[in-house]
Amino acid sequence: MSEIQTVNHFDLTRYLGTWYEIARLPMKHQPEDSTDISAVYSLNDDGKVRVQNRCLDGQGELDESIGEATVVDAEHGKLEVSFLPEGLRWIPFTKGDYWVLKIDEDYSTALVGEPNQKYLWLLHRDVDLDPSIKQQYLAYAESLGYDLTDLIHTVHTGRKTPQL
């Protein structure tokens with residue numbers, strides 16, 4: 001299997017800010033009934049990226065996870081992210097690959113995955129994404145070898161998950 005192709009000329013500064021999850025492949029630590037999923041990326045003083053994931057769980061309660069991403073290959077949008085508590089992030093093999101596979105020129109829609117093709121996220125700057133654009137991004141994911149059989153289309157109810 002050849003290595004998954006990522007973006008060229010990635011601009012982390014433009015990537016920062018709020019993204020809404022449009023679709024994802026299932027993850028063990030995130031229940032399938034989570035709604036209103038968003039992520040806010042901001043730069044820490046040390047140059048690492050603070051990742052604030054928020055969603056509403058199946059009972060409508062706010063669920064939040066704070067992580068930290070480290071840029072591995074700035075040019076090609078390759079990062080590693082950890083959601084372990086801050087004091088444990090030094091432990092080897094506890095970071096996940098976070099690769100930007102496709103992004104539009106105005107940084108409003110992004111496809112993010114990892115090289116084993118197990119995890120995938122389709123993100124957008126708004127909760128609504130044009131269905132034809134969504135299909136283009138998902139078709140691209142399939143062309144990279146991602147199996148979208150179990151793809152979850154994220155529900156956005158309009159309930160707020162205010163950012164801190």
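The values are calculated or read from the model by the stated rules, or taken from the named source; none is laboratory data. Predicted model only: the values in this text are computed from it and were never measured. Note that we place each Cβ from the backbone using ideal geometry, even for glycine, and neighbour counts take in every protein chain shown.
A few comments on the model shown:
- Cβ-Cβ under 7 Å pairs, at least 6 apart or on other chains, region 113-128 side of a type in the set (Ser, Thr, Tyr), far side crowded, with 22+ Cβ neighbours inside 10 Å: 119/113
- Annotation: residue 156 fulfils all but one of (1) at pLDDT below 90; (2) surrounded by 12 or more Cβ atoms within 10 Å (Cβ to Cβ); (3) farther than 18 Å from residue 41 by Cα; the unmet one is (1).
- Filtering region 77-87 for residues that are closer than 22 Å to residue 140 by Cβ, over 17 Å from the mean Cα position of the chain (by Cα), outside any helix (DSSP H, G or I) and modelled with pLDDT under 90 leaves an empty set.
- Checking residue 63 against (1) at pLDDT below 95; (2) not in a strand (DSSP E or B), the condition it does not meet: (2)
- Close pairs from region 1-27: first touching a residue at least 60 places away in the same chain (Cβ under 8 Å) and of a type in the set (D, E, K, R), partner part of a loop (DSSP other than H, G, I, E, B) and surrounded by fewer than 19 Cβ atoms within 10 Å (Cβ to Cβ), Cβ under 6 Å, at least 6 apart: 14/107
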